[in-house]
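So the structure is just underneath, and the comments pick up after that.
The values are calculated or read from the model by the stated rules, or taken from the named source; none is laboratory data. Remember, it's a predicted structure, so these values are computed and weren't measured experimentally. We place every Cβ from the backbone using ideal geometry, glycine too, and count neighbours over all the protein chains shown.
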Amino acid sequence: MTDTVLDRFLRYVVIDTQSDPSSSTQPSTEKQKDLGRILVEELLEIGLSDAHLDEHGYVYATIPANTDKNVPVICFCSHMDTAPDFTGTNVKPQIVKNYTGGDIRLPGDPNRVIRVCEHPELKNQINNDIITTDGTTLLGADDKAGLAEIMAAAKILIDNPEIKHGAIKILFTPDEEVGRGVNKVDLKKLGADFAYTMDGETAGHIEDETFSADSVDIVIAGVAIHPGFAKDRMENAIKIAGAIIDRLPKEIAPETTEGKQGFIHPTGVAGSMEKAAISLIIRDFTNEGLVEKEAMLEEIVRDVIKAYPGSSYRFDVKEQYRNMKVVLDRHPEIIENAVEAVRRAGMTPVRGSIRGGTDGSRLSFMGLPCPNIFAGGHAFHSPLEWISRQDMEKAVKTIVELAKVWEERA
Ligand SMILES: [Zn+2]
């Protein structure tokens, strides 16, 4: 078996690990454990003797300390599942060696082209080896790149005892893409002080801010009646739901916002004459922004339903995750050390925020502060997903350097 980061990556992406938001089991799909078992085998082979897969689908392992210094225990995390948005069955990775520039056509579907104009990051990949799919599936670089990078770094740390480091924990999670990646994680067993998810995009990027996120479920009870006798009596819940959706502010939507702007986004609708339900997600970088948007949404519902005196609604807000910056600001060394590691690995560090959540945002609030480091993938959750071997190698280097920086500064 070969063990470069690219070899590992290519081994992992062909294993279907799509998670399923409609499943109530943990992990949401049993097939995620197929990859978990392979990772454990490979960890054992590297020499991490405590590596194991638990019944909830988590992989835990330890790289023992090789220094006398009292170094904080850091953990590297990555998720094993791929997004439900696009199929991950039968992934056929393609390698464009020595990329010379220009658009990349995917062989399995003539309509799928990774265009430079839409993926400007390609311009920084000249002479690199770029991995794509054949266009019929997603690639799963999100986040199998992270898995491969952590595995490759673990091997380097074990094989090179002259690289001094504290105890390092490895955590591979299922179900990140359906927002349940850390539901059953055993932080006590993990025993880490700080963690990093390897789950970002562009090489050199470190993210210490995420959205704050709520979900909203609106359930409308209409007035059902035989359509032949409905005049002035029927209040069709489907139409009420439609009116609410139509009133959602166009300028506060995912398709019209960027940077630090939040949004209101319907993710599902179901209905019959007597009852309709709309699921939405609300995103903002501040709690006040979330509350404001929820109030705005409820005001729309209230206003629409005024025209339907026999109907009523329920409006349920559920907290999903919170911006991790609040937690990370209390431990500035976590980011400072990551910045230094990225620099030592030969890149210019870029700090940013994620328009999304990570396992790390939830871990941070569970007591394990956890920013996000690049893994190198691009165009996540789509058949145009791509990553370069060179960026994965930079991520491996970053992990190794980060282990060294923590030891040096302890
Ligand atoms: Zn991810």
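Points to keep in mind about this one:
- Counting residues in the stretch 227-249 that are in a strand (DSSP E or B) and under 23 Å from Tyr313 (Cα atoms) gives one or more.
- Some residue of the stretch 80-92 being within 16 Å of the ligand (Cβ to nearest atom), under 14 Å from Ile387 (Cβ atoms) and hydroxyl-bearing (Ser, Thr, Tyr): yes
- Candidates in the stretch 317-351 are the residues that are touching a Gly at 6+ places or on another chain (Cβ under 8 Å) and closer than 22 Å to Lys260 by Cα; of these, the one that is surrounded by the most Cβ atoms within 10 Å (Cβ to Cβ) is Met324.
- Search result, residues across the stretch 288-297 that are surrounded by fewer than 16 Cβ atoms within 10 Å (Cβ to Cβ) and in contact (Cβ under 8 Å) with a residue 40 or more places away in the chain: Met296
- Counting only strands (runs of 3 or more DSSP E) wholly contained in the stretch 1-116, no element carries 1 or more residues that are more than 30 Å from Lys164 (Cα to Cα) and in contact with a Pro (Cβ under 6 Å, 6 or more places away or on another chain).
- Counted residues, the stretch 378-410 - those being of a type in the set (A, V, I, L, M) and closer than 19 Å to Gln18 by Cβ: 3
- The stretch 184-208, residues that are surrounded by fewer than 21 Cβ atoms within 10 Å (Cβ to Cβ) and within 16 Å of the ligand (Cβ to nearest atom): Thr202, His205
- The single residue among Ile300, Ile282, Ile278, Ile305 that is crowded, with 16+ Cβ neighbours inside 10 Å and under 21 Å from the mean Cα position of the chain (by Cα) turns out to be Ile282.
- Top-ranked residue in the stretch 137-183 [being outside any helix (DSSP H, G or I) and within 16 Å of Glu401 (Cβ to Cβ); ranked as farthest from the ligand (Cβ to nearest atom)]: Glu162
- Every residue from the stretch 59-82 that is of a type in the set (Ser, Thr, Tyr) and surrounded by fewer than 24 Cβ atoms within 10 Å (Cβ to Cβ): Tyr60, Thr62, Thr67
- Only one entry of Ala243, Ala237, Ala213 meets the criterion of being closer than 30 Å to Ser353 by Cβ, in contact (Cβ under 8 Å) with a residue 24 or more places away in the chain and surrounded by 14 or more Cβ atoms within 10 Å (Cβ to Cβ), and that entry is Ala213.
- Filter result for Lys318 (of a type in the set (D, E, K, R), over 29 Å from Ile206 (Cβ atoms) and at pLDDT 95 or above): yes
- Flag: Ala224 does not match the condition of being buried (at least 16 other Cβ atoms within 10 Å of the Cβ), closer than 28 Å to Ala403 by Cα and more than 16 Å from the ligand (Cβ to nearest atom).
Yes/no matrix, rows are residues, columns are (1) assigned by TED's automatic domain parsing to the domain that holds Glu258; (2) under 25 Å from Glu408 (Cα atoms); (3) at pLDDT below 95:
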{"site": "Lys293", "(1), (2), (3)": "yes, no, no"}
{"site": "Ile305", "(1), (2), (3)": "yes, no, no"}
{"site": "Thr348", "(1), (2), (3)": "no, yes, no"}
{"site": "Gly360", "(1), (2), (3)": "no, yes, yes"}
{"site": "Leu368", "(1), (2), (3)": "no, yes, no"}
